[in-house]
Amino acid sequence: MKVAVVKETSPGERRVALVPETVQKLVQGGLDVLVEKGAGDGAWFPDASYTAAGATVVAPDQLYAEAAVILTVTRPDESTLARLRAGQAVIGMLAPLTEPQLAKSLADRGVTAVSLDGLPRTLSRAQGMDALTSQANVAGYKAALVAAEAYGRFFPMLITAAGTARPAKLLVLGTGVAGLQAIGTARRLGAQVSGYDVRPASKGEVESLGATFLELTVSAAGEGGYARELTAEERDAQQAELAGHIARQDIVITTAQVPGRRPPLLVTADAVGQLAPGSVIVDMGSSALGGNVAGSVPGETVITPNGVTLIGAENLAASVPTAASNAYSRNVSALLLHLVTATDPGTSALNIDTTDEITAGVLVTRDGAVVHPAVAKLLAEPATPAEPANQGS
Ligand code: NAD
């Protein structure tokens, strides 16, 4: 089977779906690996390192003509979509719940789409394939560094002949995978850290990292270890309670997400206005749909009128490209091997067995149809007008 790695096309995307070390393992396992020229450059893996690992470095025309399976990190762009043909498979983080139309386009082209976002994460045999976790880990780490760089003071307490610096006070809102990694990293840099999440289960995890857990009245554990979306009353109560805590911080990092929903607004315009000049907010929920912080702009740094640096950090994993690609490559190759008939690596098609829980979770399109129930449901719903972006106060 010919498996291909494409060069990512999203702006600022520097990750690559397979790194040479994993290519070598797949080649040893009997797969042929094609790599688009320059695919690994952004993550510091030159073409020669793929050739040395047993891959064939090719131009895009050959890649799309020959590959049975195309591996990507994020969604294929329009020109890539136009090159895909019926019977080909695409495996990547396709975010079908936020971009159901992409799933429809892939189905219309007869492409089998597999998305790592749909992996059943609590299944222990799927953990090696969990790209949401591996990439959130990288992003959470980088969020603390981005905050430290934008902050005009030290994170740790420093006692020097020139005076004593107090430690920075840093609050992480949303303490899932990314939030916990941001807490750990900020603690290692010496900040005084607290964390908050609507899932009460996260209290123990926050405290085990040596941070303080903020307890508010709103609690919203959902299904599968995720948070559920808050009601309007809960959201208002949460924003009001959080505002008092936020005002005492030097740095706030937000990571809150609810799968398939617009990110919840946690830091209102009023709360931003309460922060002292020189404070920093990193909004990891920042997206075209809106973010966790009023006024954040995805991919941009804004200085508010009261002197707060507000960073709309939408894809931080891409800015640590080597570590992120190493981890993603292990995840995607584990899933690929799961989908290749174990007894017949010479086969030219994926072994799609929908009675398998992993396969059923990740399969988005097949035989010209969108087969993922949640994505199909979204496509069947009449389009609703988008909520106004992030102007909460
Ligand atoms: P996520 O990226 O979907 O969300 C990030 C965090 O935002 C979550 O902790 C969520 O509770 C929080 N959040 C959502 N709405 C909020 C609100 N209004 N206010 C405050 N916080 C809010 O989540 P994630 O990091 O991918 O993981 C979420 C959960 O899944 C965690 O419990 C994690 O431990 C669990 N998980 C389990 C496994 C496993 O069992 N192998 C693997 C990965 C994740």
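The values are calculated or read from the model by the stated rules, or taken from the named source; none is laboratory data. Since we're looking at a predicted model, the values are computed, not measured. All Cβ positions, even for glycine, are placed from backbone atoms using ideal geometry, and neighbour counts span all protein chains on display. Remember, those area values only see protein heavy atoms, side chains included, never the ligands or the DNA or RNA. Shrake-Rupley method; radii C 1.70, N 1.55, O 1.52, S 1.80 Å.
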* To do: Can you sort S79, S10 by 1.4 Å-probe accessible area, starting with the largest?
  => S79, S10
* Asked: On a 0 to 90 degree scale, rounded to 10, what angle separates helix 177-188 from the longest Cα axis of the chain?
  -> 50
* Structure fact -> Applying the gyration tensor rule to the Cα atoms of the range 34-126 (axes a ≥ b ≥ c; rounded if a/c under 1.5, else prolate if a/b exceeds b/c, else oblate), the class is oblate
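What is the packing order of peptides 100-109, 239-248, taking the mean over residues of other C-beta atoms within 10 Å and listing the highest first?
Ranked by mean Cβ neighbours within 10 Å, highest first: 100-109, 239-248.
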* Structure fact -> The base-10 log of I(q)/I(0) that the Debye equation returns for the range 165-309 at q = 0.10, 0.21 Å⁻¹, one scatterer per C-alpha, is -0.30, -1.44
* To do: Starting from the range 150-235, pick out the chymotrypsin sites (Phe, Trp or Tyr not before Pro) whose DSSP state is loop and whose Cβ has at most 13 other Cβ atoms within 10 Å.
  => none
* **Dipole-positive endmost among A220, A201, P263 within the range 199-272 (Cβ charges, Cα centre)** => P263
* **Heavy atoms of K25: accessible area, 1.4 Å probe, square angstrom to 10** => 120
* Report, in degrees rounded to the nearest 10, the 0 to 90 angle that the Cα long axis of helix 131-150 makes with the longest principal axis of the chain. => 40
* Asked: Of all the accessible heavy-atom surface of the range 88-146, with the other protein chains kept in place and a 1.4 Å probe, what percent is carbon and sulfur?
  -> 54
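When the Kirkwood hydrodynamic radius is evaluated over all pairs of different C-alpha atoms of the range 18-61, what value in angstrom, to one decimal, is obtained?
Numbers: mean 1/r = 0.0986 Å⁻¹.
Across the range 18-61, the inverse of the average 1/r is 10.1 Å.
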* Charge sum, other residues only, whose C-beta stays under 12 Å from A107's C-beta, Lys/Arg counted +1 and Asp/Glu -1 -> +1
* What's the angle, to the nearest 10 degrees (0 to 90), between helix 232-246's Cα axis and the longest principal axis of the chain? -> 60
* Filter the cross-link list K2/K377; K203/K377; K2/K25 down to pairs whose alpha-carbon distance in this structure exceeds 24 Å. => K2/K377; K203/K377
* Asked: Considering only protein heavy atoms, what is the solvent-accessible area of S279 at a probe of 1.4 Å, reported in Å² to the nearest 10?
  -> 10
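Only Cα pairs under 8 Å and at least 6 apart count here; give the relative contact order of the range 184-273 as a rounded whole percent. Provide the component values of the computation, followed by the final result.
Values: 84 pairs, mean separation 19.1, N = 90.
Answer for the range 184-273 is 21 percent.
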* Structure fact -> Between the alpha carbon centres of the range 57-96 and the range 176-211 the gap in Å comes to 38
* Most mobile listed residue (T217, T22, T56) in the chain, GNM with C-alpha springs under 10 Å -> T217
* Asked: Using a 1.4 Å probe, how large is the accessible area of T212, given in Å² and rounded to the nearest 10?
  -> 90
* What per residue convex hull volume, in Å³, do the alpha-carbon atoms of the chain yield? -> 147
* Mind giving me the nanometre distance, one decimal, between the label points for E78 and T217, set 7 Å out from Cα along Cα→Cβ? => 5.0
* Computed over the range 180-223, Kirkwood Rh from alpha-carbon pairs, angstrom -> 10.8
* To do: Would you work out the relative contact order for the chain, in percent, from Cα pairs under 8 angstrom that are 6 or more residues apart?
  => 19
* Structure fact -> Applying the gyration tensor rule to the Cα atoms of the range 91-149 (axes a ≥ b ≥ c; rounded if a/c under 1.5, else prolate if a/b exceeds b/c, else oblate), the class is oblate
* Asked: How much length is gained if the chain between T231 and T354 is pulled fully straight, taking 0.36 nm per residue apart and subtracting their Cα-Cα distance, in nm to one decimal?
  -> 40.8 nm
